[in-house]
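The values are calculated or read from the model by the stated rules, or taken from the named source; none is laboratory data. None of the values given here were measured: they were computed from a predicted structure. Backbone-built Cβ (ideal geometry, glycine too); neighbour counts: all protein chains shown.
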Amino acid sequence: MKRHALIASALVVVAGLLFAADRKTQAPLKEWIAFDNPRLIELLKKINGVDAFTVPALEVRKDDNYAQTAEDLEPFGGVKPYQEFFLKQMEYTGPGRAEPEPEHVDTVKLGFIGPITSTVSAATGGKSHEEALGIPMMQGARLAIEEWNARGGYLKRKIPFEMVTKNDNGLWGASGNEIIRMAYDDKVWGILGTIDGANSHIAIRVALKAEVVMVNSGDTDPTFIETNIPWVVRVIGDDRQQAYILADYLYRTLKYERIGLIRASNRYGRFGIRKVVDTSRRLQKPVPIEMAYKVGQGDFSLELTRLKKTNPQAVVHWGDAVEGAQILNQMRKMGMTMPYYACDRCVSDEFVKITGPNAEGVVCAFPWDPERRDAKLDKFRKAYRERFGAEAETYAAHAYDGMNMLIWAVQVAGLNRAKIRDVLAYLPEPWPGVTGDIPLSACLDDVGDVYLAKREKSAWHYYSRADLGIPKGYIPPVDRLSRAGNQTAQK
Amino acid sequence: MRILRRIGLMAIVGARHAVPPPILVLAAGVSASAAPPAPPGAPHASPLQLPYVYTKWRQFTTENGLPSDHVFAVKVNGNDVWVGTDDGLALIDKQQGKVAKVWKEKDGLPFRAVDGIDVDPNTGDVWIALFGGGLARLSGGRFDHWNQLNSGLVNDVVYGVAVQGDNVWAATTAGCSRLNFKTHQWTIFNEKNSPMEEIWNYAVTYSKQANKVFLAVWGSGILEYDLEKAARGEPAWNEYLDPDREMEIDLYRDDGINHVIDTGVTNVDGVMWTSSYFGGSRYDGRHWRGFSDIEGGMPSLFHNNVKGRSADEAWYCSDKGAGAIVNMEPETWVVYTREGNNGKAVVKQRTRPDAPTLDTIEVVETGINVPHSFIINADVDGNDVWLATAHGVGWGIGDGYYPRLKERAPLGAAPAQPAAATAR
């Protein structure tokens, strides 16, 4: 085992040197996967050649390892479970591929759903708080549509794309109603959206039943994709991946023994921090304390006093930027000088504005590398700035990638929801996004690289595993079910 | 190739059972009495201990009157078969064997997508779960409508409905609502007053035998509401969660429900059957038994619903056919699939108690059985079964139906290969 770990660490360092060199070189402009990609042509032959009662013989993705989980981080790692999920791609076996294209359409409608309108927050009872993320997300998606319309819209018919925009932060699960309206009334061909974990789960259940593909660019809840439904694609690195890099940095690089946790008492905080908790326990460094706070409470003295009593070497926060900033300021005021780590939502202007100089030295997990040199990223940033008068941030960039991917799938597949799903589900190669390459796992999750963002000299700088030499535990090359040598848990 | 395989299989069957090469015969022609249950520890049944196989089927689609082929729900009440589709409600007259009436939004149906149906056994009123449109009741030819703005219904996305005495329960995407239609009082069950870690209800059923209401909840497992305890003012909820608490594995097969993302639950003869997108489970009040596609009986991991017929038989609505488990010991499944313009029933059995997988012991070419292999909902109707699929409704006519296993002549071919080679 140790030998495996050493080899893996060495490979990471070597890869890091190569990658660091590569980051200085401008990547050539490649905005989408070529329409004449041979694997794509082959896929189209198969999905276009079936009737309602035949499932095309497509080569399903099979992953050797779920979510690139190191062996020492696997749940119940000492035994072989009865069954492992998400290693084999789910097929769509319904009749949808035989649906004929509609004869007359004026526009090709694509749905967008996100938190864009201010409302009452279910979490706080006060004002809703996710519009700061949802509006850039909507703008990123809109920019993608406008650019494709400038290229001729839906190329087969020379008609424009139209974005059907819905709000998802209404109360009482309103996102479900909105998806249903988009599916049945607006007749959209695919949907991009959702940030909040609860709304996202509601939305994908509806998408599954109504059979319309849902591309998610903003919900990092690990369980979002762990539902085994074949109508969902995610194009952002999730909190599992972000927790892995953060925990590896804290425990394997910095050698911490005891970290304290504080997180929002909502789905984002609860599920985001869970992988940090699991990882700590599995690495034999159980967290002494995990404090949950109510979003919007403002005063964190109770939580911080208890946190302080456990004498943690570092504190990790999982929640929104405002609370993350307030907690950091109050920590420093209380004389808590230990390093502060956080989730990606704290990499924001709002966080920096509230924390001021306290932000210096903060390290956050982050789903992509905005400092990467890439011609299409530069092009996107310029276009976004010109169109919306603001800098493109992470939600805008991921939504731009997700909507581009969806539009590309419509161009390839035509106006058929099942075939649009197929094209996304069987991408012939990683999607060349402005946020970096997006390789999809067997459960159609983005398993591309994630990063650490460090606040240094009043700016965020982004580091890969390789940049910081962060080792990873040994990742077994085959699934546990097929792996020999383990004791079986099967009764 | 297919012909060669058939011939090969027939020869094997003929040699093994000393019967003429099998031909397709109707199950109704089979005469033998049902075998008594095997005593504990007894060896498994011989290959001639076979389950009933539905060989007589009828299909209903838009071609013979359904408002849409995408069927979400089917519910039988005597001669009436209620069908919910993504674009309307239909009533099939079973005796006449035809679609008798259709309601769409223009006919007063409050919303186009009908996701679940239950019938009040006392009044014959039809309660309708509307997928995005709330809850409706068809009574005396009139639709009454409740939604989240005009009533105590917690959300308009209603996945399932169940009538329990004077109450109707609605499983919604944001909790469960209960309406007492005598007192017009609403009760909402969610994370505040029930053990719902998540509130995304998927299915609700009522068991008169158990006097309990069961909820299948996406992310919160199976919840059981004991009506007797509730009447006594005692805590009435009981929850069943996946003991390993992990999304990416099922640690032990038989330790509880196999996953917390549950899609269906049914309780009959004291046995609870559950379905999920990760297999299914059976619970007899003391022992759990998990089912998965990896052992070759269950046709898929992905199940939209489950309907229990007895303690021994349940119909799993999978994306790869209707999987009926018809006997527990030896574990025996019959899987019905449509294949092009044909259909088949595959009988699988654990032929040795210690066998890790089930063997295919019979393949019956039935002609078209289920109208599509993507099964969404099921109901049991005496000897018959009704299956809602993504492309119509299938009616399995159970002439001569018998439960569990009995000795009978084979209806089809018995492949030589064990299930491991033929399982998906």
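Looking for something surrounded by fewer than 24 Cβ atoms within 10 Å (Cβ to Cβ), more than 8 Å from chain A (Cβ to nearest Cβ) and not in a strand (DSSP E or B) - is there at least one such residue anywhere in the range B:247-254?
Within the range B:247-254 (the criterion being surrounded by fewer than 24 Cβ atoms within 10 Å (Cβ to Cβ), more than 8 Å from chain A (Cβ to nearest Cβ) and not in a strand (DSSP E or B)), the answer is no, since none of the residues qualifies.
List the pairs whose first member sits in the range B:56-67 and is polar (S, T, N, Q), whose second member is not in a loop (DSSP other than H, G, I, E, B), and whose Cβ atoms are under 6 Å apart, counting only residues at least 6 apart or on separate chains?
Matching pairs, first to second residue: B:GLN59/B:GLY392; B:GLN59/B:GLY394; B:THR61/B:GLY392.
Please specify each residue of the range A:66-79 satisfying the condition of being of a type outside the set (D, E, K, R) and either farther than 18 Å from A:MET90 by Cβ or modelled with pLDDT under 90 (or both).
Those that are of a type outside the set (D, E, K, R) and either farther than 18 Å from A:MET90 by Cβ or modelled with pLDDT under 90 (or both): A:GLN68, A:THR69, A:ALA70, A:LEU73, A:PRO75, A:PHE76, A:GLY77, A:GLY78, A:VAL79.
Cβ-Cβ under 8 Å, sequence separation 6+ or interchain: first residue in the range A:194-206 and more than 8 Å from chain B (Cβ to nearest Cβ) and at positive phi, partner buried (at least 24 other Cβ atoms within 10 Å of the Cβ) and in a loop (DSSP other than H, G, I, E, B). Which pairs?
Partner pairs satisfying both residue conditions: A:THR194/A:ASP168; A:THR194/A:GLY218; A:THR194/A:ASP219.
When you look at A:GLU393, is it surrounded by fewer than 24 Cβ atoms within 10 Å (Cβ to Cβ), more than 27 Å from A:LEU250 (Cα to Cα), touching a residue at least 12 places away in the same chain (Cβ under 8 Å) and out of contact with any Cys (no Cβ under 9 Å at 6 or more places or on another chain), yes or no?
Taking the combined requirement at face value, the residue does not satisfy it.
Could you list, in sequence order, all residues of the range B:154-173 that are assigned to a loop (DSSP other than H, G, I, E, B), facing chain A (nearest Cβ under 10 Å) and farther than 17 Å from B:GLU191 by Cβ?
B:ASP156
Against the conditions (1) touching a residue at least 12 places away in the same chain (Cβ under 8 Å); (2) at negative phi, where does B:GLY124 fall short? Just the number, please.
All conditions pass for B:GLY124, except number (2).
Looking at the range B:259-293 only, could you name the residues that are outside any strand (DSSP E or B), within 14 Å of another protein chain (Cβ to nearest Cβ) and over 25 Å from B:ASN190 (Cβ atoms)?
Within the range B:259-293, B:HIS287, B:SER292, B:ASP293 meet the criteria.
Looking at the range B:177-229, which of its residues are touching a Lys or Arg at 6+ places or on another chain (Cβ under 9 Å), assigned to a loop (DSSP other than H, G, I, E, B) and farther than 22 Å from B:THR274 by Cβ?
Scanning the range B:177-229 gives a single hit, B:PHE181.
Exactly one of (1) away from chain B (no Cβ under 14 Å); (2) free of Cβ contacts under 8 Å to residues at least 60 places away in the same chain is unmet by A:ALA210. Its number?
Result: A:ALA210 fails condition (1) only.
Out of the residues in the range B:223-244 that are free of Cβ contacts under 8 Å to residues at least 12 places away in the same chain and not small (Gly, Ala, Ser), which is surrounded by the most Cβ atoms within 10 Å (Cβ to Cβ)?
Within the range B:223-244, the match that is surrounded by the most Cβ atoms within 10 Å (Cβ to Cβ) is B:ASP244.
Please determine, by comparing only the residues of the range B:50-89 that are aromatic (Phe, Trp, Tyr) and more than 14 Å from chain A (Cβ to nearest Cβ), which one is surrounded by the fewest Cβ atoms within 10 Å (Cβ to Cβ).
So the residue we want is B:TRP57.
Here's the yes/no breakdown for (1) over 27 Å from A:LYS80 (Cβ atoms); (2) part of a loop (DSSP other than H, G, I, E, B):
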position: A:TRP408; (1), (2): yes, no
position: A:GLN411; (1), (2): yes, no
position: A:ALA418; (1), (2): yes, no
position: A:LEU427; (1), (2): yes, yes
position: A:CYS443; (1), (2): no, yes
position: A:TRP460; (1), (2): yes, no
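Which condition number in (1) within 12 Å of chain A (Cβ to nearest Cβ); (2) touching a Pro at 6+ places or on another chain (Cβ under 6 Å) is the one that B:GLU239 fails?
All conditions pass for B:GLU239, except number (1).
Could you tell me whether A:GLU391 is over 30 Å from A:GLY269 (Cα atoms), part of a loop (DSSP other than H, G, I, E, B) and of a type in the set (Asp, Glu)?
The answer is no for A:GLU391.
Does the range B:345-354 contain at least one residue that is small (Gly, Ala, Ser), surrounded by fewer than 24 Cβ atoms within 10 Å (Cβ to Cβ) and at pLDDT 95 or above?
For the range B:345-354, residues small (Gly, Ala, Ser), surrounded by fewer than 24 Cβ atoms within 10 Å (Cβ to Cβ) and at pLDDT 95 or above: absent.
Tally the residues that are hydrophobic (A, V, I, L, M, F, W, C), touching an Asp or Glu at 6+ places or on another chain (Cβ under 8 Å) and more than 14 Å from chain A (Cβ to nearest Cβ), restricting the search to the range B:294-311.
1
All but one of (1) over 27 Å from A:ILE475 (Cα atoms); (2) of a type in the set (Phe, Trp, Tyr); (3) within 14 Å of another protein chain (Cβ to nearest Cβ) hold for A:PHE224; which doesn't?
Evaluating A:PHE224 over (1) over 27 Å from A:ILE475 (Cα atoms); (2) of a type in the set (Phe, Trp, Tyr); (3) within 14 Å of another protein chain (Cβ to nearest Cβ) leaves (1) as the failure.
Do we find that A:ILE159 is away from every other protein chain (no Cβ under 14 Å), within 20 Å of A:GLN139 (Cα to Cα) and not acidic (Asp, Glu) in this structure?
no
I'm trying to understand the selection: among the residues of the range B:380-398, which are more than 14 Å from every other protein chain (Cβ to nearest Cβ), in contact (Cβ under 8 Å) with a residue 24 or more places away in the chain and either over 14 Å from the mean Cα position of the chain (by Cα) or assigned to a loop (DSSP other than H, G, I, E, B) (or both)?
Selection gives B:ILE397, B:GLY398.
Residue check, A:LEU415 against (1) touching a residue at least 60 places away in the same chain (Cβ under 8 Å); (2) crowded, with 20+ Cβ neighbours inside 10 Å, all met but one. Which one?
It fails just one condition, (2).
Quick one: A:PRO471 ticks every box in (1) under 26 Å from A:GLU147 (Cβ atoms); (2) assigned to a loop (DSSP other than H, G, I, E, B) except a single one, so which number is it?
A:PRO471 satisfies every listed condition except (1).
Could you tell me which residue of the range A:60-104 is nearest to the other protein chains (Cβ to nearest Cβ), considering only residues that are touching a Phe, Trp or Tyr at 6+ places or on another chain (Cβ under 6 Å) and outside any loop (DSSP other than H, G, I, E, B)?
Across the range A:60-104, the extreme among qualifying residues is A:TYR66.
Within the range A:351-360, does at least one residue satisfy the condition of being surrounded by fewer than 24 Cβ atoms within 10 Å (Cβ to Cβ) and in contact with a strand residue (DSSP E or B) (Cβ under 7 Å, 6 or more places away or on another chain)?
Looking for residues that are surrounded by fewer than 24 Cβ atoms within 10 Å (Cβ to Cβ) and in contact with a strand residue (DSSP E or B) (Cβ under 7 Å, 6 or more places away or on another chain), one finds at least one in the range A:351-360, hence yes.
Hey, among the residues in the range B:345-379 that are charged (D, E, K, R) and more than 13 Å from chain A (Cβ to nearest Cβ), which one's nearest to the chain's Cα centre (by Cα)?
B:ASP379
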